[in-house]
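**Student:** Pasting a structure here, questions to come.
Where a number appears in this text, it was derived from the coordinates with a stated rule and is not lab data. Remember, it's a predicted structure, so these values are computed and weren't measured experimentally. In this analysis, Cβ positions are derived from the backbone assuming ideal geometry, glycine residues included, and neighbour counts consider all displayed protein chains.
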Amino acid sequence: MSFVLKEKKEYVLLLTLNRPEVMNALNLPTLLELQQALKEVWFAKEVRVIIVTGAGEKAFCAGADLKEREKMSELEVKNYIKTIRDTFTMFEDIPKPVICAINGYAFGGGLEMALACDLRIAAETAKMGLTETSLAIIPGAGGTQRLPRIVGKAKAKELIFTARRIDAQEAYRIGLVNEVVPKERLLDRAFKIANEIAQNGPLAVEAAKFAINKGSEVDIKTGLEIESKTYDTLIPTRDRREGLLAFKEKRKPQYMGE
């Protein structure tokens, strides 16, 4: 049985967490399958955008598999949390844009996974929250760092301190998700956005992700230097020349990622 289903449509790869009977909770095999799926397409030209979602009607991901964790020693728990953290960092570091289609509950590690993605689209029925303090721990897979960068420090503290669960509309209001759509339209909308991205120059999109991510970690002057150096890497590419030629000839460009 695969804990992560893979489906490719043109330039878009759909990854589906496949443990609906436990609300797609993250056990170690699921994390390792996610890592492998990302490694397989890290440099693949035939994949330009990734979508991640959850199987079933209830949940995107309810977080870590607590039944698995309760059997672990303290050292095993530390290693397990590191594996979760490393997996989510891969979503952030992979050059290709990652869209999270939040189809239901996204709690704890489930929301932390979504935070590591580039865009988040939520179904109207989605609920989400960093609920770790209710279990006498803190978010350990990036939540204390990524949530403040997305919604601001004060709101992040409120949500983490209270362990409060919010609905999709509130998530949209505070900037946690990009869009809220009816559940039956969630994947269609995710694919529409993915295809809009995929029709652009793939090297340019990857460069933009790199410049935004790295630039947001430093002061503006250093960020502008990162932008400039990243721009320079695109000047000699075939795609840049194709974009200019297509504009001149008034046709759709044929980008090859070269």
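**Student:** What does the extension gain come out to for Val22 and Glu57, with contour length at 0.36 nm per residue minus their alpha carbon separation?
**Tutor:** 11.4 nm
**Student:** Right, another one. I need the peptides 176-182, 104-110 ranked by packing, meaning the mean over residues of other C-beta atoms within 10 angstrom, with the highest value on top. Intermediate values should be presented prior to the final figure.
**Tutor:** Working: 176-182: 18.1, 104-110: 27.9.
Final packing ranking: 104-110, 176-182.
**Student:** Here is a further query. Specify the inter-centroid distance of the stretch 42-71 and the stretch 154-193, based on alpha-carbon positions, in whole Å.
**Tutor:** Each part reduced to its Cα centre gives a spacing of 17 Å.
**Student:** Antiparallel versus total DSSP beta bridges in the chain: what percent is that, nearest 5?
**Tutor:** Of those bridges, close to 30 percent are antiparallel.
**Student:** Each residue of the stretch 19-31 in order: what ³J(HN,Hα) in whole Hz does its phi give by Karplus 6.51 cos²θ - 1.76 cosθ + 1.60, θ = phi - 60°, with x for Gly and Pro?
**Tutor:** Coupling constants for the stretch 19-31: 9, x, 5, 10, 6, 6, 4, 8, 9, 4, x, 4, 4 Hz.
**Student:** Just to be sure I understand, if you calculate P(r) over Cα pairs in 10 Å bins from 0, in percent for this structure, which of (1) 7, 29, 29, 18, 9, 4, 3, 1, 0; (2) 7, 29, 35, 21, 7, 1, 0; (3) 7, 32, 39, 19, 4, 0, 0 do you get?
**Tutor:** (2)
**Student:** What is the gain in length, in nm to one decimal, between Glu70 and Ala136 on full extension, counting 0.36 nm per residue of separation less the C-alpha to C-alpha distance?
**Tutor:** 22.4 nm
**Student:** Let me ask another. Sequence-distant or interchain residues sharing an amide H contact under 5 Å with Gly54, placed H: which?
**Tutor:** Amide H neighbours of Gly54, under 5 Å, 5+ apart: Leu17, Asn103.
**Student:** Would you grab the residues whose amide H sits under 5 Å from the one on Glu124? Only those 5+ places off in sequence or on another chain, please, with H modelled 1.01 Å from N.
**Tutor:** It is Val181, Lys183, by chain and number.
**Student:** Give me Cys100, Cys117 ranked fewest to most by other Cβ atoms within 10 Å of their Cβ, as a rough exposure proxy.
**Tutor:** Cys117, Cys100
**Student:** Which whole-Hz couplings ³J(HN,Hα) result when phi for each residue of the stretch 53-67 is put into the Karplus expression 6.51 cos²θ - 1.76 cosθ + 1.60, θ = phi - 60°, listed in order with x for Gly and Pro?
**Tutor:** Rounded to whole hertz, the list is 8, x, 7, x, 9, 9, 9, 6, 6, 7, x, 5, 7, 5, 5.
**Student:** Please list 3J(HN,Hα) in residue order for the stretch 184-195, calculated via the Karplus relation 6.51 cos²θ - 1.76 cosθ + 1.60 where θ = phi - 60°; whole Hz, with x for glycine and proline.
**Tutor:** 5, 9, 4, 5, 4, 5, 4, 5, 4, 5, 4, 5
**Student:** Where does the longest stretch of the chain lie that holds no trypsin sites (Lys or Arg not before Pro) found in a DSSP loop with 11 or fewer other Cβ atoms within 10 Å?
**Tutor:** 72-249
**Student:** So which cysteines in the chain don't have a second cysteine's C-beta under 4.7 Å from them?
**Tutor:** Taking the Cβ cut-off of 4.7 Å, the unpaired cysteines of the chain are Cys61.
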